[in-house]
1. Only helices (runs of 4 or more DSSP H) wholly contained in region 199-241 count here; list those with 1 or more residues that are under 15 Å from residue 116 (Cβ atoms), aliphatic (A, V, I, L, M) and at pLDDT 95 or above.
2. Output the number of residues of region 2-22 satisfying the condition of being surrounded by fewer than 19 Cβ atoms within 10 Å (Cβ to Cβ), within 12 Å of the ligand (Cβ to nearest atom) and on the phi < 0 side of the Ramachandran plot.
3. Does region 85-108 contain any residue that is over 12 Å from the mean Cα position of the chain (by Cα), crowded, with 20+ Cβ neighbours inside 10 Å and at pLDDT below 95?
4. With respect to the numbered conditions (1) loosely packed, with under 14 Cβ neighbours inside 10 Å; (2) more than 30 Å from residue 226 (Cβ to Cβ); (3) more than 12 Å from the ligand (Cβ to nearest atom), which one is the sole condition not fulfilled by residue 43?
5. Tell me, yes or no, whether region 32-39 has at least one residue that is in a loop (DSSP other than H, G, I, E, B), of a type in the set (Phe, Trp, Tyr) and within 13 Å of the ligand (Cβ to nearest atom).
6. Is at least one residue of region 135-144 within 16 Å of the ligand (Cβ to nearest atom), aromatic (Phe, Trp, Tyr) and farther than 30 Å from residue 241 by Cβ?
Amino acid sequence: MYKPRNYLEIGVNDGRSLTLSRVPSVAVDPAFRVVTELSCDVHLVRATSDDFFARKDPLLHLRNGRNPFRALARKDPMNLFGSDPKLELAFIDGMHLFEYALRDFMNVEKHSRWSSVIVLDDMLPRNIDEAARDRHTDAWTGDVYKVATVLRRHRPDLVVVEVDTQPTGVVLVFGADPLSTVLKRSYDAIIEEYVVPDPQDVPEEVLVRKNAVQPEALLGADFWPDLVRARNLRRPRSAFEGLRGRIPRSA
Ligand SMILES: C[S@@+](CC[C@H](N)C(=O)[O-])C[C@H]1O[C@@H](n2cnc3c(N)ncnc32)[C@H](O)[C@@H]1O
């Protein structure tokens, strides 16, 4: 529905999600071991996401990489590969601890536009054990579900959508603001409040997916073509106001 023109993946593992990409991509994982066939032009980065974002020009590949649009890059009317390449779709699925996922979101947002889509994986643990910070289960979400709570509380300018996918849910975030400093300023206080020892006190509404939208409802919603058009035409952030109310937010 969104037809992204570039993609960032944090947490690659064996490449199962990366194999879906058909656009210029950057994929980051300190221990990837890709065994699937990849069908995109990708820069695979063997680093933690924190180290990756600390680099001078982490998304260089999306500007200069060997991609099918390289010849067009100098003209580049969309500034897709211009001096400051912006992410269109990002998938955050790296370290499953709250503070890592929050930093991943903050770093991704800095390289996004309001029209970007940021997806976080494993946001709907099915039980307390799965949500433990100290992993002791096969399927593991850790406590990254808290990122949605924090974004709703500190960043009401964003639209945060829980999606009822199997096995452990995703969250989509719309309306990124690369200039926002709210999370950076509150980071220490947020960590102090939310990083707590196991067992995690996962809210019942998260466990029963009370507010989670069905994937079909989200994909079938009518805002997608307008979001894509606004993105492609580089409409200003004010265009988000007309779209945000059309994004399904709860079941
Ligand atoms: C759940 S797997 C990713 C699965 C993959 N996205 C998929 O769906 O096929 C999580 C991956 O995150 C990686 N990881 C762990 N810590 C990380 C970090 N600090 N930065 C980036 N990736 C990290 C792990 O090495 C692991 O391969």
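1. 224-232
2. Summing the residues that are surrounded by fewer than 19 Cβ atoms within 10 Å (Cβ to Cβ), within 12 Å of the ligand (Cβ to nearest atom) and on the phi < 0 side of the Ramachandran plot in region 2-22 gives 5.
3. Looking for residues that are over 12 Å from the mean Cα position of the chain (by Cα), crowded, with 20+ Cβ neighbours inside 10 Å and at pLDDT below 95, one finds at least one in region 85-108, hence yes.
4. With (1) loosely packed, with under 14 Cβ neighbours inside 10 Å; (2) more than 30 Å from residue 226 (Cβ to Cβ); (3) more than 12 Å from the ligand (Cβ to nearest atom) applied to residue 43, the lone miss is (1).
5. yes
6. Checked against the condition, which is being within 16 Å of the ligand (Cβ to nearest atom), aromatic (Phe, Trp, Tyr) and farther than 30 Å from residue 241 by Cβ, region 135-144 yields at least one hit.
Every residue, every condition in (1) touching a residue at least 12 places away in the same chain (Cβ under 8 Å); (2) within 19 Å of residue 108 (Cβ to Cβ), yes or no:
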{"position": "160", "(1), (2)": "yes, yes"}
{"position": "163", "(1), (2)": "yes, yes"}
{"position": "166", "(1), (2)": "no, no"}
{"position": "213", "(1), (2)": "yes, no"}
{"position": "246", "(1), (2)": "yes, no"}
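The values are calculated or read from the model by the stated rules, or taken from the named source; none is laboratory data. In this text, all values refer to a predicted model and were calculated from it rather than measured experimentally. FYI the Cβ positions are ideal-geometry reconstructions off the backbone, even for glycines, and counts take in every protein chain you see.
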